[in-house]
1. If you scan region 55-81, which residues turn out to be among the β-branched types (Val, Ile, Thr) and part of a loop (DSSP other than H, G, I, E, B)?
2. Picking from VAL33, VAL23, which residue would you name as being within 12 Å of VAL2 (Cβ to Cβ) and among the β-branched types (Val, Ile, Thr)?
3. Within region 9-49, track down each residue that is open to solvent by less than 30 Å² (accessible area, probe 1.4 Å), free of Cβ contacts under 8 Å to residues at least 60 places away in the same chain and closer than 18 Å to SER66 by Cα.
4. Go through (1) on the phi < 0 side of the Ramachandran plot; (2) loosely packed, with under 14 Cβ neighbours inside 10 Å; (3) hydrophobic (A, V, I, L, M, F, W, C) and name the single condition CYS54 misses.
5. Among the residues of region 1-43, what is the count of those that are part of a helix (DSSP H, G or I), touching a Gly at 6+ places or on another chain (Cβ under 8 Å) and either at pLDDT below 95 or not aromatic (Phe, Trp, Tyr) (or both)?
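The values are calculated or read from the model by the stated rules, or taken from the named source; none is laboratory data. Keep in mind the model is a prediction, meaning the values are calculated, not measured. A quick note on method: Cβ atoms are made from the backbone with ideal geometry, for glycine too, and the neighbour counts reach across all protein chains shown. Ligands, DNA and RNA are stripped out before the accessible areas are found, and what is left, the full protein with its side chains, is counted by its heavy atoms. Shrake-Rupley method; radii C 1.70, N 1.55, O 1.52, S 1.80 Å.
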Amino acid sequence: MVSKKVKVVNSQGFHMRPVTAFVGAMGKYGSDVKIVSKGNEINGKSLMGIVAACIKCGEEIEVQCSGDDEEAALQEAVGMIESGFSEE
């Protein structure tokens, strides 16, 4: 398993558009992807799970990936979050 803590920088947090892009991107990986937010583990491939977590701007979350392509999955996930999902 690999993991990294990252701060959510886009002003509207994890709303529907970035979550849809995130879930789509993570779906191409065989690895399990989890987001740890406020002590809760969320399936990083579940649109409704992530939206329901209400992850806001400025919140620090941890992305955890485990599986054969875990490094690539983590790199893409963190890149998307750190870029603000290209919204800013």
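1. ILE55
2. VAL33
3. Once the filter is applied, which keeps residues that are open to solvent by less than 30 Å² (accessible area, probe 1.4 Å), free of Cβ contacts under 8 Å to residues at least 60 places away in the same chain and closer than 18 Å to SER66 by Cα, region 9-49 yields VAL23, ALA25, MET26, SER31, VAL33, ILE35, SER37, ILE42, GLY44.
4. (1)
5. 2
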